[in-house]
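*Asks:* One structure, pasted below without further comment.
The values are calculated or read from the model by the stated rules, or taken from the named source; none is laboratory data. Everything numeric here is computed off the predicted structure, so don't read it as measured data. Here the Cβ is made from the backbone with ideal geometry for all residues, glycine too, and neighbour counts use every protein chain on show. Calculation scope for accessible area: heavy atoms of the full protein, side chains included, ligands and nucleic acids excluded. Shrake-Rupley method; radii C 1.70, N 1.55, O 1.52, S 1.80 Å.
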Amino acid sequence: MARGEDRNRVDDSAAHRPPSWSTVPSGHAPDHPGRPADDEMPPVAVPADELVEIAARILTTAGSPEPPARAVATSLVESDLVGHDSHGVRRLVPYVDAVRGRMIDPSADPVIRRRHRATAVVDGRRGFGQLAARLAVTEARELAREYGVGVVTIGNCNHIGRLGEYVQLLAETDAIGLAFCNIDPTVAPYGGRQRRLGTNPLAWSAPRAEGRPPVVVDFATSAIAEGKLALSLVRQERVGAGLLVDAEGRDSTDPSDFYSGGALLPFGQHKGYGLSVMIEIVGGLLSGAGISSLPGYDNTNGTVLIAIDIGTFLPVSGFRTQSEGFCRLLGDTAPAVARDPGPDGVLVPGEKEARTRASRISDGIPLAPSTWRELAELPGGPELPGVPVPHPRSRADRAAPSPEEDRDDIAGGPRAPA
C-alpha cells in the first residue's frame, strides 16, 4: 500500500481512489516508540549541494536517468533552501513509493502535445511533475514574448512541487507569472465537513528592481497545507484553531484527526473557499485532470500556468522602478503596536524566502531528524541517520523496477495521484 492510501474514508465516493500525495505513512501518525520525537533532537544540518547529491542518487536508484533526477532533486532542495520544508526532500518518500507502485514513470519526459496561438498543452506523461512544470515555464515565456501572454496547461502530471518556484522563474525574465492547480480532495467546503476540494494552491509573481528578489505570493487555499500539517504531526505539535475538523466535523487542533478521516478547512472562510472552487473548475477542467471530488478525476495535478510579458504593455525599467518603490514603501511601514512583526519589520512577499535561502546556503539546511531517518531508509540514501556524508547503497531490495523492466505494465498502470 502506498503512503496515504487509506487517509480519505469520510464518504463512499472517496473510498476507492488511488493513493494520494500524503506525506505520512498509511494516513495516520507513524508509531515509532523507540525513537525520540523531533523536538527532542537537534536538526541535521546538511549543505545544499550534498543534499542535492543525496536526493539525486535516491531518484536514480529508483530508476530515473541522471539528468532528470538531478533536476527534480534541485527543485526539492530549493524548497528546503527557501524554508518550505513541506515541499522539500521529505517528498522523496511518497515519490519513491509512487515509482514502486508504477504511478510515476521515472524515465518519462514531458512533451508539448499541441500549440494554438498563445496557448500550449504539456503532457507530463506520468513522469515527475517538476519536469513538466519546467517545460511549461519555458513554453509560456516563449509564447508571451510572441503574443504578450502565454497560457499553458499541464495534464497527466504528478506532484509538481512548490508553485512559487515556477512563477519566480518567470519574474526573473521580466514577466508576471501566475500558476494554480487542483489536487486530490482533502478540504471541506465552507460550512461543511466532508472532503470536496484539494488544497488547490495559487502562486503569483512580479519583478522588482534588478538584484532584488521578485515579489512571490504562493499559498494553498486551505488554511494550512497538508505537507505543513504533516510536519506538525511528526513534531508532535498542536496546530492553531480553525485549520481542520475531525471526522465528525468538530473543530480540532490535533493533526492526527485529519489523518483519521477529518478534513482541512479553507483559509479565510468563504474567501479561500471561493478561490479553491475556481481553481478546481479552471485548473482541473482545462488541464484535463478533472474535478477532484467527481468521478473521472485522474489523480494528477491539473495545472494552469500564465506568463505576461511586461514589455508588451510598458517599459520594463519603469515597471521595475515603480514596483521597487512600492515594495520599499511597504517595508518602511511602522509596525502596529499590538502586532510587532519582529526585528525584520514589514516584509514584502518573497523577502522571507530570500533571507532564509541566504542563511541556509551559509549554514546548511536543517533537516528534521525524522526526515533524515526517512532518507536514510530509502535505497540510495545516506547510510546512517545523523551522518551527513552520503554513501552509495544497493538497490537489492525495495527498489523500483528499472525502466526496462515491465515496460508494458508501467505504460498501462494506474495514473499517478497528486
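*Asks:* Once you have the Cα-Cα distance between Arg238 and Ala334, take 0.36 nm times their residue separation minus that, and quote the gain in nm to one decimal.
*Replies:* 31.4 nm
*Asks:* Related question: Pop out the carbon and sulfur fraction of the accessible area of segment 233-357 as a percent, whole number, probe 1.4 Å. Let's see the in-between values first.
*Replies:* On the way: 3900 of 6690 Å².
With neighbouring chains kept in place, the figure for segment 233-357 is 58 percent.
*Asks:* While we're on this one: May I ask you to order 366-378, 102-114, 158-170 by the average number of other C-beta atoms within 10 Å around their residues, highest value first? Write out the running numbers ahead of the final one.
*Replies:* Details: 366-378: 20.9, 102-114: 19.4, 158-170: 25.9.
Answer by packing, highest mean first, reads 158-170, 366-378, 102-114.
*Asks:* Here's a follow-up. With a sphere of radius 14 Å drawn around the Cβ of Val239, what net charge do the other residues whose Cβ falls strictly inside it have (Lys, Arg +1; Asp, Glu -1)?
*Replies:* Working: positive: Lys228, Arg235, Arg238; negative: Glu226, Glu237, Asp246, Asp251, Asp254, Asp257.
So the environment of Val239 carries a net charge of -3.
*Asks:* Multiply the residue gap between Leu314 and Glu146 by 0.36 nm, knock off their C-alpha separation, and tell me the result in nm, one decimal place.
*Replies:* 58.9 nm
*Asks:* Order the peptides 175-185, 307-317 from the highest to the lowest mean number of other Cβ atoms within 10 Å of their residues.
*Replies:* Going from most to least packed, we get 175-185, 307-317.
*Asks:* Additional query: Just report the Cα centroid separation between segment 157-224 and segment 40-98, whole Å.
*Replies:* Measuring centre to centre over Cα atoms gives 20 Å.
*Asks:* Next question, about the same structure. If you count, for each residue, the other Cβ atoms within 10 Å and average over each peptide, how do 234-243, 275-284, 347-356 line up from highest to lowest?
*Replies:* So the peptides 234-243, 275-284, 347-356, ranked by packing, come out 275-284, 347-356, 234-243.
*Asks:* Taking only protein heavy atoms and a 1.4 Å probe, what accessible area per residue, in Å², does segment 230-336 have with all protein chains in place?
*Replies:* I get 48 Å² per residue for this part.
*Asks:* Please report, as a whole percent, how much of the solvent-accessible surface of segment 41-150 comes from carbon and sulfur atoms (probe radius 1.4 Å). Mind dumping the intermediate values first?
*Replies:* Working: 2020 of 3910 Å².
Here it works out to 52 percent.
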